[in-house]
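Asker: Right, I'll just put the structure down here and ask away after.
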Amino acid sequence: MSAALTELINIGYARAALALSDLTGHRIALEVPEVGIHHIQEIASKLQEIIKGEVAGVNQVFSGPIKGNAILLLDREAALHLNRLLTDRPDMAGFDGAAREVITEVGNIVLNACLGAFGNLLKVQVAFTVPSLQIESAQKVLKTITIHDKGLEYALIIRTHFRIRVSEVSGYLMIILGVTSLETLIGELKKWEGRELG
């Protein structure tokens, strides 16, 4: 399942990279070095290990046969560096209105591409809400999501690499699901694998 999931997300990332390249005029590559599935109770400690301090979290709720939350998480320095690379504003040191817009749009493109790939390739309808940006600790971002929906129990954590010019920016894409949605996703992935092999 992990290999099929990685392949599916890579397809989504190829679309996101193309959209970001068109938007910015810079060649951008997006890679998925690793994917893991974790219980929601393990996520807070897992995030503390991988992301320190304040984060920029772009959150999008999605619904359909598979429903939950998708979040792109970038630590403060990674988010600001990505913004500088995309906008050619070398003096950029904080999250002003323009920086927030850029990071939200990047998150929107990446999340839509991945969720769109889920919908298109798994032959399920997925609807999305407008993404929102939070600048605070990863734990607070996670708490906000799980308070709103107690049914969320698992998270796919996808380590993400943006390559822009000679720079590399790392972040994490989290897709948080309930038990039923995870079972549906696994079942649909198996069908997709069967179609690919067939």
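Asker: Residues Leu185, Leu177: which one is modelled with pLDDT of 90 or more and either farther than 21 Å from Leu23 by Cα or open to solvent by less than 30 Å² (accessible area, probe 1.4 Å) (or both)?
Answerer: Leu177
Asker: Determine the pairs where a residue that is without any contact (Cβ under 8 Å) to a residue 60 or more places away in the chain and small (Gly, Ala, Ser), located within the range 1-28, has a partner that is open to solvent by less than 40 Å² (accessible area, probe 1.4 Å) and not in a helix (DSSP H, G or I) with Cβ atoms under 7 Å apart, the partner being 6 or more residues away or on another chain.
Answerer: Cβ pairs passing all conditions: Ser2/Val35; Ala17/Ile28; Ala17/Ala29; Ala17/Leu30; Ser21/Ile28.
Asker: So is Thr160 surrounded by fewer than 17 Cβ atoms within 10 Å (Cβ to Cβ) and either out of contact with any Phe, Trp or Tyr (no Cβ under 9 Å at 6 or more places or on another chain) or in contact (Cβ under 8 Å) with a residue 24 or more places away in the chain (or both) or not?
Answerer: It is false that Thr160 is surrounded by fewer than 17 Cβ atoms within 10 Å (Cβ to Cβ) and either out of contact with any Phe, Trp or Tyr (no Cβ under 9 Å at 6 or more places or on another chain) or in contact (Cβ under 8 Å) with a residue 24 or more places away in the chain (or both).
Asker: Please go through the range 36-81 and pick out each residue that is of a type in the set (S, T, N, Q) and open to solvent by less than 40 Å² (accessible area, probe 1.4 Å).
Answerer: Listed by number, the residues that qualify are Asn59, Gln60, Asn69.
Asker: Looking at the structure I just gave you, is Ala56 under 15 Å from Ala113 (Cβ atoms), hydrophobic (A, V, I, L, M, F, W, C) and under 16 Å from the mean Cα position of the chain (by Cα)?
Answerer: Taking the combined requirement at face value, the residue does not satisfy it.
Asker: If Leu18 satisfies every condition in (1) open to solvent by 40 Å² or more (accessible area, probe 1.4 Å); (2) farther than 20 Å from Ile158 by Cβ but one, which is the exception?
Answerer: The number of the failed condition is (2).
Asker: Against the condition open to solvent by 50 Å² or more (accessible area, probe 1.4 Å), among the aromatic types (Phe, Trp, Tyr) and either more than 25 Å from Glu188 (Cβ to Cβ) or out of contact with any Cys (no Cβ under 6 Å at 6 or more places or on another chain) (or both), how does Phe118 come out, does it pass?
Answerer: For Phe118, the condition - open to solvent by 50 Å² or more (accessible area, probe 1.4 Å), among the aromatic types (Phe, Trp, Tyr) and either more than 25 Å from Glu188 (Cβ to Cβ) or out of contact with any Cys (no Cβ under 6 Å at 6 or more places or on another chain) (or both) - is not met.
Asker: Counting only residues that are open to solvent by less than 40 Å² (accessible area, probe 1.4 Å) and under 21 Å from Ala44 (Cα atoms), how many does the range 163-174 have?
Answerer: Residues that pass the stated criteria total 4.
Asker: For the range 120-162: of the residues being under 15 Å from the mean Cα position of the chain (by Cα) and not in a strand (DSSP E or B), which is nearest to Leu80 (Cα to Cα)?
Answerer: Across the range 120-162, the extreme among qualifying residues is Ala138.
Asker: Now a separate question. Taking the condition farther than 24 Å from Gly151 by Cβ, open to solvent by 40 Å² or more (accessible area, probe 1.4 Å), of a type outside the set (Phe, Trp, Tyr) and in a loop (DSSP other than H, G, I, E, B), does Arg89 pass?
Answerer: Yes, satisfied.
The values are calculated or read from the model by the stated rules, or taken from the named source; none is laboratory data. Bear in mind the structure is a predicted one, so any value in this text is a computation, not a measurement. Quick reminder, even Gly has a Cβ in these numbers, built from the backbone with ideal geometry, and neighbours come from all protein chains shown. We work out accessible area using only protein heavy atoms, side chains counted, and drop any ligands, DNA or RNA first. Shrake-Rupley method; radii C 1.70, N 1.55, O 1.52, S 1.80 Å.
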